[in-house]
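K.L.:
So that we are looking at the same thing, I have put the structure below in structure tokens.
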Amino acid sequence: MKTNIKLILRFAIVSIAAAALLITGTAAAQAGKKKAEAAATSSEGAAKSSVSAKDQMFIKKAAKGGMMEVEMGNLAVQNAKSDDVKSFGKRMVTDHSKAGDELKSIAEKKGAKMPSKKPAVKWTSDKEYMDMMVKDHEKDLAEFQAQAKEGTDSDLKEFAEKTAKMVEEHLNLAKETQKKLQ
């Protein structure tokens, strides 16, 4: 009888040990599979974006700047006292919305990220708005011209070159409108 109990206990211990190994092996295999899937997803994400870090930074800055122009332009249309400033604001909304849509299309095609949060904007007078627009368009013009010359992605370079011309027109218009307010 003692022999049978010993055999049963040995069998039970061996069975428990085998089950433990099987469970541990299955858990390890599942963990390994999850790691491999995560790595593949991460690699796919990296492979999806075909733009350099510098081009990605341009996309981010251009998108944020464009959204700011649209938001401030909407404020100008609603709140400006001067018809010239209202007209300028309307042009900002139209042109920068169109440019933003084009940039978004390029970014999506390249797998690049676009910012989605609209900037909080405010200004207190027509003069303040136009001063901001001159300063902002001077900065933007330099950035777009640099991207057109030094960018690595041909679609973004073409976009930057074309949009730089628009930004230069806006800068000239902003300066003219600014002078009318003084």
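K.L.:
Filter the range 50-102 down to the residues that are under 15 Å from residue 125 (Cα atoms), of a type in the set (D, E, K, R) and touching a residue at least 24 places away in the same chain (Cβ under 8 Å) and list them by number.
P.N.:
Within the range 50-102, 81, 84 meet the criteria.
For every residue, the table says whether it meets (1) within 15 Å of residue 61 (Cβ to Cβ); (2) touching a Ser or Thr at 6+ places or on another chain (Cβ under 8 Å); (3) buried (at least 17 other Cβ atoms within 10 Å of the Cβ).
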site: 109; (1), (2), (3): no, no, no
site: 112; (1), (2), (3): yes, yes, yes
site: 120; (1), (2), (3): no, no, no
site: 131; (1), (2), (3): no, no, no
site: 135; (1), (2), (3): no, no, no
site: 147; (1), (2), (3): yes, no, yes
site: 162; (1), (2), (3): no, no, no
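K.L.:
A follow-up question, please. Considering only the range 169-180, state which residues are surrounded by fewer than 16 Cβ atoms within 10 Å (Cβ to Cβ) and touching a helix residue (DSSP H, G or I) at 6+ places or on another chain (Cβ under 8 Å).
P.N.:
Listed by number, the residues that qualify are 175, 180.
K.L.:
Next question. Are any residues in the range 114-149 among the acidic types (Asp, Glu) and free of Cβ contacts under 8 Å to residues at least 12 places away in the same chain, and if so, which ones?
P.N.:
128, the sole residue that qualifies.
K.L.:
Tell me, please, whether a residue that is touching a Lys or Arg at 6+ places or on another chain (Cβ under 7 Å) and either of a type outside the set (Ser, Thr, Tyr) or outside the structural domain of residue 157 (by TED's automatic domain parsing) (or both) can be found in the range 60-69.
P.N.:
Checked the range 60-69: at least one residue is touching a Lys or Arg at 6+ places or on another chain (Cβ under 7 Å) and either of a type outside the set (Ser, Thr, Tyr) or outside the structural domain of residue 157 (by TED's automatic domain parsing) (or both).
The values are calculated or read from the model by the stated rules, or taken from the named source; none is laboratory data. Computed from a predicted structure; not experimentally measured. FYI the Cβ positions are ideal-geometry reconstructions off the backbone, even for glycines, and counts take in every protein chain you see.
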